[in-house]
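Accompanying notes for the structure given below.
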Amino acid sequence: MRYVLTGLLIAVAALGAVPPESWQKRARALFQQLIEINTQDSNGNVTAAAEAMAAHFRAAGFPAQDVVIAGNVARRKNLVVRYRGTGRARPVLLLAHLDVVEARRSDWSTFDPFKFTESEGQFYGRGTSDDKSMAAIWVATLLRYQAEGYRPERDLILALTAGEESGVDNGVEWLVRNRRDLIDAEFCINEGGDAVMRQGRKVFLGVQAAEKTFLTFDVIAKNAGGHSSLPSKDNAIYHLADALGKIRSLDFPARLTDVTQGFFEKMSVIDKRPEAADMALVSRTPPDPAAVERMSKVPFFNAQLRTTCVATMITGGHAENALPQSVSATVNCRMLPGDTAGNVQGTLERAINDPEVTVKVRTSALSAPVAKLQEAVMGPVRMTVEELFPGVPVVPTMSTGATDGKYLRNAGIPTYGVDGLFFEEGENRAHGRDERVPVQSFYESQEFLYRLVKRLAAAK
Ligand SMILES: [Zn+2]
C-alpha cells in the first residue's frame, strides 16, 4: 500500500518495546538459521527447515507427539507444534510459511540471499520479510513461554508450512485436508497484515481479514480461416479484439464488505490527502456513488471496491499470410470475497456478447469468506498496539493478492493477518531483490506477537 500522508504523525511514538536481550538473541539466531536454509522451490528443502525448528522444541522438552513433521512430499513437509494449555477454550493457530520465492545471487546487489546479513539497521536475506521473520518469531515466542512456565487457556498450535509461494503442494491445504486434527483452531494468526511507517513514524497497523481470489479465464475466438488474400470481416483476431475492448470498459459492481468498509472509514481519518473525504463518503451505508466513481480511478482503491478482470496475455494466428483460426487471451480476475467463478464468467460473457467468442475457466478458484472482525481478536490487537505503539490506529484490510489464509477461512477457521512488523511505506521488498527487514521492526514484532498471543489465549 502506498499513501502520501502529511500532518497527524506527531502523536505517534517512534519506538515500541522490545523483548529482553536474551530472547532477542534467541530470535535472531533462529532467524539466521532459517534464512540460511534454502527453501526455494527449485533446489531448496522446506523439510530441512521444519526439522531444524523441530529440534529446538524437542531440545526444550516438548513431548514427541506434540512436535509433528507432516506432509506427503519428501522435501516439502510442514512442522506442527502443539503448546498445551488448560483446554478451557479452543486452540489458536499461529501460522507462517517456510518456503520462499526464488532468489538468484546474481540478481542481488551486495548480499547473498541465503546468507543472513545485518547491515545498517537491516537484516538481509531471502525470506527476511516474507515470511521467515514471522516463523522465527513464532518459534522464539513458544520457547519463551515454555521457559517462563506459562500456561495458556487454549492450546497454541504453531504451523510452519510449505508451498505458499510456489503453489506446489501447499502445506496449509494439505493439513486442512489430511490432518485437520493437528491444526483445528478457533481462529488463526497469519502473515499479511500491513504495518506502515513514514519516516520512522508508525502510521497504522493493518489486520488482514479478507483477501481477493485469483481466477484466470481463457477468452478464445475461433474461425475457419483461409488465405489472407481473401479476407472477410469475420476474423478471429477482430472478434477477440472487440471482446477485449468490452472487458476493458467493463466495471464489476462496487461492493463493500465489513473489512473494506472499516478500511475506508479508518483511512479517511488517517490519510490527509484530498481523497480522505471520498474515503469517508465511500464508507457510508450506502456508499456515495459519486465518491465511488472518483475512487475507482485509483487502481488500489478500485481493487478494494470491486472484482476486477484484466487481459494479461494474448496469442493467436499461425502464419503471416493466413487468416487466423484461433486467437486467445488470458484474462486474470481477482474476485471479492463472496463472488463466484460462475458469476464472473457470466458477467464476462454478457459483456462480450459474441457467439464466436468463448470464455473458459483456466484455474479453479477458491473464494474465501471474510473473517468476522470479532472482538475476541480485535480487542487484544488494539490493547497490544496501545501498549507498545500508543496512538497507532488499527485498520482492517483486504489483500488484493493471496495468502494461505484462504484455505483456513474456507475451512471455517477465521484467519487474521497481523504481525506488528513495521516497514517504511513502499519499502517492503518481499519477493524482490535485497529483501530485508528493519532490525528494530523485527524485535518490536517479536514483543508484539508475544504479548498479543497471551491476550488471545486468555479465555473469555
Ligand atoms: Zn508470504
**Study point:** Filter result (surrounded by 24 or more Cβ atoms within 10 Å (Cβ to Cβ) and more than 26 Å from Phe264 (Cα to Cα)) within the range 408-435
**Key:** Glu435
Practice item. Output the number of the condition that Ala140 fails; it satisfies all remaining conditions of (1) more than 14 Å from Leu30 (Cα to Cα); (2) more than 16 Å from the ligand (Cβ to nearest atom); (3) at pLDDT 95 or above. Key: (1)
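For the subset of the range 300-320 comprising residues that are of a type in the set (Ser, Thr, Tyr) and loosely packed, with under 15 Cβ neighbours inside 10 Å, which member is nearest to Gly225 (Cα to Cα)?
Thr315
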Review point. Given the conditions (1) free of Cβ contacts under 8 Å to residues at least 24 places away in the same chain; (2) touching a strand residue (DSSP E or B) at 6+ places or on another chain (Cβ under 7 Å); (3) hydrophobic (A, V, I, L, M, F, W, C); (4) crowded, with 20+ Cβ neighbours inside 10 Å, which single one is not true for Leu323?
Key: (1)
Check your understanding: Which members of the range 146-180 meet the condition of being in contact with a helix residue (DSSP H, G or I) (Cβ under 8 Å, 6 or more places away or on another chain), away from the ligand (no atom under 14 Å from the Cβ) and in a helix (DSSP H, G or I)?
Key -> Glu173, Leu175, Val176
Exercise for review: Would you confirm whether any residue within the range 205-216 is of a type in the set (Phe, Trp, Tyr) and more than 24 Å from Cys333 (Cβ to Cβ)?
Suggested key: no
Practice item. Count, please, the residues in the range 244-275 that happen to be more than 25 Å from the chain's Cα centre (by Cα) and more than 30 Å from Asn353 (Cβ to Cβ). Key: 4
Review point. In the range 55-103, what residues are within 16 Å of the ligand (Cβ to nearest atom), among the small types (Gly, Ala, Ser) and in a loop (DSSP other than H, G, I, E, B)?
Key: Ala103
Practice item. Run down Thr340, Thr330 and say which single residue is surrounded by fewer than 18 Cβ atoms within 10 Å (Cβ to Cβ), away from the ligand (no atom under 16 Å from the Cβ), under 30 Å from Leu230 (Cα atoms) and touching a residue at least 24 places away in the same chain (Cβ under 8 Å). Key: Thr330
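Assigned by TED's automatic domain parsing to the domain that holds Val437, farther than 22 Å from Glu427 by Cβ and at pLDDT 95 or above, is that true of Ala64? Explain how you work it out, then say what you get.
On the way: assigned by TED's automatic domain parsing to the domain that holds Val437: yes; farther than 22 Å from Glu427 by Cβ: yes; at pLDDT 95 or above: yes.
Yes; evaluated as a whole, the condition is true for this residue.
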Revision key, fill the gap. Going through the range 66-89 in order, the residues found to be among the β-branched types (Val, Ile, Thr) and free of Cβ contacts under 8 Å to residues at least 60 places away in the same chain are Val67, Ile69
Study note, to complete from the structure: Picked from the range 194-212 (must be within 15 Å of the ligand (Cβ to nearest atom) and touching a helix residue (DSSP H, G or I) at 6+ places or on another chain (Cβ under 9 Å)), the residue nearest to Arg409 (Cα to Cα) is Glu211
Exercise for review: Mind listing whichever residues of the range 392-440 are of a type in the set (D, E, K, R), part of a loop (DSSP other than H, G, I, E, B) and more than 16 Å from the ligand (Cβ to nearest atom)?
Suggested key: Glu425, Glu427, Arg433, Asp434
Point to revise | Enumeration of residues in the range 356-391 that are closer than 19 Å to Val453 by Cβ, over 21 Å from the mean Cα position of the chain (by Cα) and in a loop (DSSP other than H, G, I, E, B) | key: Phe389
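The values are calculated or read from the model by the stated rules, or taken from the named source; none is laboratory data. Please read all numbers here as calculations on a predicted model, not as lab measurements. No Cβ is skipped: glycine too gets one built from the backbone with ideal geometry, and neighbour counts run over all protein chains shown.
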